[in-house]
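A quick write-up on the structure given underneath.
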């Protein structure tokens, strides 16, 4: 089984990548209208050969590029040539996989220090006194 190796060392099965050349959108004149320079990369997560936990992280993301079948659709059309768009799509896929590969750090719950609480309450008292002094003084009526 052939594998595709990214520059950061990630391995993905070649069969999980499906390429399609399509016409680019937007302005650009005659060249854009007759040549399929845009590239659509379809990445099947389940056939990728990635570890189970990475697949789960990729599938659990809420993104418009992820289909119900577990396929990431990456479209690249900003470059003038198909090869440059293909490389751009691969770079985006590599960034996506690198982000999923890094496990998020567990949050360690902390509490505010006693001195910080004292400082906060002293500041509140000070602000309250300042505002109380702005009020109109009432006479002994």
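Listing for the model above:
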quantity	calculated
Residue match in the stretch 58-65 (condition: under 19 Å from the mean Cα position of the chain (by Cα), surrounded by fewer than 17 Cβ atoms within 10 Å (Cβ to Cβ) and farther than 16 Å from residue 100 by Cβ)	yes
Number of positions in the stretch 17-57 that are part of a helix (DSSP H, G or I), at pLDDT 85 or above and either in contact with a helix residue (DSSP H, G or I) (Cβ under 6 Å, 6 or more places away or on another chain) or surrounded by 14 or more Cβ atoms within 10 Å (Cβ to Cβ) (or both)	3
Selection status of residue 81, touching a residue at least 24 places away in the same chain (Cβ under 8 Å), loosely packed, with under 12 Cβ neighbours inside 10 Å and farther than 20 Å from residue 58 by Cβ	yes
The stretch 68-77, residues that are loosely packed, with under 12 Cβ neighbours inside 10 Å and either closer than 15 Å to residue 17 by Cα or in contact with a helix residue (DSSP H, G or I) (Cβ under 9 Å, 6 or more places away or on another chain) (or both)	69
Of all residues making up the stretch 92-125, the number that are more than 15 Å from residue 53 (Cβ to Cβ), assigned to a helix (DSSP H, G or I) and in contact with a helix residue (DSSP H, G or I) (Cβ under 9 Å, 6 or more places away or on another chain)	1
Residue in the stretch 92-108 that is at positive phi and exposed (fewer than 14 other Cβ atoms within 10 Å of the Cβ) present	no
Conditions (1) farther than 19 Å from residue 14 by Cα; (2) at pLDDT 85 or above; (3) touching a strand residue (DSSP E or B) at 6+ places or on another chain (Cβ under 9 Å): number failed by residue 86	(1)
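The values are calculated or read from the model by the stated rules, or taken from the named source; none is laboratory data. Keep in mind that this is a model prediction, so the values were computed, not measured. Cβ: placed from backbone, ideal geometry, glycine included. Neighbour counts: every protein chain shown.
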